[in-house]
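Enquirer: The structure that follows is given in the form of structure tokens.
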Amino acid sequence: MAHTILASAESSGESSGENAIARRQSQENGSQEILSVDSVSVHLDGRQVLRDVSFVLKEGELTGLIGSNGAGKTTLFRVILGLVAPTSGEVLLAGAPRSRRNRLVGYLPQDVSLDPDMPLRARDLVALGVDGHRLGLPLPSAARRALVDEMLEAVEASSFANARVGKLSGGEQQRVLIAHALVGRPRLLLLDEPLANLDLRSEQEVVALLARISTEQGVAILISTHDINPLVPVMDRVVYLASGRAASGTTDEVVTTEALSALYGHHVDVVHVHDRVLVVAGREPVAYRHRQEEPVVEVI
Ligand SMILES: Nc1ncnc2c1ncn2[C@@H]1O[C@H](COP(=O)(O)OP(=O)(O)OP(=O)(O)O)[C@@H](O)[C@H]1O
Ligand SMILES: [Mg+2]
């Protein structure tokens, strides 16, 4: 029997970090539900991509949206944004049906690429987020400049605020893009794979930054990633996507053999290896790829 590693998570005995537990305790009294996804199913080109997905997000909470390539993470973001209509089910933003260009929602799409020759400073890109849907912006007012400065400071990007954004490093660009998404003062921030292409240090810095922003600004943050590892220390909740279906709850509730086996529809093991948790699914060897029954290993 060969094995497929589907996901992995850091663990230091317990799989939720102390920060997340403390943050959750402080939020239990009175935090408001900002997003409700209720029994959402989506078909694209006649194929079912999401099946009966349900979860809620509360203000001040940081939630990881975990799933392998093609699991439906971006599709779910597009449903929340009102860009894809669900076949069935409902999405409520602050208790009301969501609409396109809703000012309650900030969004950082997957794989944003910034041209190094683009004559745009980091602070200009953030300023575009203030009224990003309008072309022909007037010169920034003092209030607008103060808001941009505040956001640059919040993401620790003040030192490179005047640099050309396309020439910044990947980690620096990610901070500026987060500030761009935050500057409209959303109550829900959707970040599609914001950790992709970051080295370990930048990844840890961006994750710590997002955890601080969600607490300090009371924003609900949903971060998609195929690797749960970096989010485990700070995550309040997890939405785990597989086969178009979702399991949601705390990391301890969701990243278990029982919950993930039920989600995948076949047995998986949640295995602790050193300081990590691996989600391992047994399956028959793929003969044409692994003639000698070597383990099939895919890390998402
Ligand atoms: N417009 C579309 N028409 C048809 N199928 C689509 C469309 N958009 C996405 N899909 C399919 O839906 C599935 C989910 O895609 P999606 O982009 O949501 O996955 P993802 O979890 O974001 O993957 P990745 O980690 O690679 O970004 C994929 O199989 C994809 O091919
Ligand atoms: Mg995607």
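Enquirer: Within the range 81-104, can you find the residues that are away from ligand 2 (no atom under 16 Å from the Cβ), under 16 Å from residue 35 (Cβ atoms) and either in contact with a strand residue (DSSP E or B) (Cβ under 7 Å, 6 or more places away or on another chain) or of a type in the set (Val, Ile, Thr) (or both)?
Expert: 86, 89, 90, 91, 92, 93, 94, 98, 102, 104
Enquirer: Determine whether the range 211-222 contains at least one residue that is within 23 Å of residue 72 (Cβ to Cβ), out of contact with any His (no Cβ under 8 Å at 6 or more places or on another chain) and among the acidic types (Asp, Glu). Outline the logic, then answer.
Expert: First, pick out the residues of the range 211-222 that are within 23 Å of residue 72 (Cβ to Cβ): 220-222.
Now narrow it down to the ones that are out of contact with any His (no Cβ under 8 Å at 6 or more places or on another chain): 220-222.
Imposing the further condition that a residue be among the acidic types (Asp, Glu) reduces the set to none.
Within the range 211-222, none of the residues are within 23 Å of residue 72 (Cβ to Cβ), out of contact with any His (no Cβ under 8 Å at 6 or more places or on another chain) and among the acidic types (Asp, Glu).
Enquirer: I would also like to ask the following. Please tell me if residue 87 is under 29 Å from residue 280 (Cα atoms) and at pLDDT 95 or above.
Expert: On the way: under 29 Å from residue 280 (Cα atoms): no; at pLDDT 95 or above: yes.
In short, no.
Enquirer: Might you let me know whether the range 248-270 holds any residue that is within 30 Å of residue 94 (Cβ to Cβ), buried (at least 16 other Cβ atoms within 10 Å of the Cβ) and among the small types (Gly, Ala, Ser)? Give the derivation first.
Expert: Narrowing the range 248-270 to residues within 30 Å of residue 94 (Cβ to Cβ): 248-255, 259, 263.
In the following step, the residues that additionally are buried (at least 16 other Cβ atoms within 10 Å of the Cβ) were identified as 248, 250-251, 254-255, 259, 263.
If we keep only those that are among the small types (Gly, Ala, Ser) too, we end up with 248, 259.
Yes, the range 248-270 has at least one match.
Enquirer: Ok, one more. From the list 197, 229, which residue is over 17 Å from residue 61 (Cα atoms) and within 13 Å of the chain's Cα centre (by Cα)?
Expert: Just a single option satisfies the conditions, and that option is 229.
Enquirer: Here is a further query. Please go through the range 26-51 and pick out each residue that is over 20 Å from the mean Cα position of the chain (by Cα) and either at pLDDT below 55 or not polar (S, T, N, Q) (or both).
Expert: Hits for the range 26-51 are 26, 28, 29, 30, 43, 44, 45, 46, 47.
Enquirer: Restricting to the range 45-68, name every residue that is near ligand 1 (Cβ under 9 Å from one of its atoms), in contact with a strand residue (DSSP E or B) (Cβ under 9 Å, 6 or more places away or on another chain) and assigned to a strand (DSSP E or B). It would help to see each step written out before you state the result.
Expert: First pass over the range 45-68, keeping only residues near ligand 1 (Cβ under 9 Å from one of its atoms): 45-47, 49-50, 65, 67-68.
Pick out the ones that are also in contact with a strand residue (DSSP E or B) (Cβ under 9 Å, 6 or more places away or on another chain) and you get 49-50, 65, 67-68.
49, 50, 65, listed by residue number.
Enquirer: Looking at 244, 184, which one is of a type outside the set (S, T, N, Q), modelled with pLDDT under 90 and in contact with a Lys or Arg (Cβ under 9 Å, 6 or more places away or on another chain)?
Expert: Working: 244 fails: modelled with pLDDT under 90.
Going through 244, 184 in turn, just one is of a type outside the set (S, T, N, Q), modelled with pLDDT under 90 and in contact with a Lys or Arg (Cβ under 9 Å, 6 or more places away or on another chain): 184.
Enquirer: Now a separate question. Looking at residue 78 and the list (1) out of contact with any strand residue (DSSP E or B) (no Cβ under 7 Å at 6 or more places or on another chain); (2) in a loop (DSSP other than H, G, I, E, B); (3) within 16 Å of ligand 2 (Cβ to nearest atom), which single condition is not satisfied?
Expert: Failing condition for residue 78: (2).
Enquirer: Residue by residue through the range 105-132, note down the ones that are away from ligand 2 (no atom under 16 Å from the Cβ), modelled with pLDDT under 90 and out of contact with any helix residue (DSSP H, G or I) (no Cβ under 8 Å at 6 or more places or on another chain).
Expert: Listed by number, the list holds a single entry, 131.
Enquirer: Does residue 76 count as under 19 Å from residue 247 (Cβ atoms) and either of a type outside the set (A, V, I, L, M, F, W, C) or at pLDDT below 90 (or both)?
Expert: Working: under 19 Å from residue 247 (Cβ atoms): yes; either of a type outside the set (A, V, I, L, M, F, W, C) or at pLDDT below 90 (or both): no.
The answer is no for residue 76.
Here's the yes/no breakdown for (1) surrounded by 21 or more Cβ atoms within 10 Å (Cβ to Cβ); (2) within 16 Å of ligand 2 (Cβ to nearest atom); (3) hydrophobic (A, V, I, L, M, F, W, C); (4) within 20 Å of residue 153 (Cβ to Cβ):
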{"site": "170", "(1), (2), (3), (4)": "no, no, no, no"}
{"site": "179", "(1), (2), (3), (4)": "yes, no, yes, yes"}
{"site": "197", "(1), (2), (3), (4)": "no, yes, no, no"}
{"site": "209", "(1), (2), (3), (4)": "no, no, yes, yes"}
{"site": "228", "(1), (2), (3), (4)": "yes, yes, yes, no"}
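Enquirer: Something else now. Can you name every one of the strands (runs of 3 or more DSSP E) wholly within the range 176-250 that holds 2 or more residues which are away from ligand 1 (no atom under 16 Å from the Cβ)?
Expert: Working: elements: 188-192, 220-225, 237-242, 245-249.
Ranges flagged: 188-192, 220-225.
The values are calculated or read from the model by the stated rules, or taken from the named source; none is laboratory data. Not measured: the values here are computed from a predicted model. Note: ideal-geometry Cβ built from the backbone for every residue, glycine included; neighbour counts use all protein chains shown.
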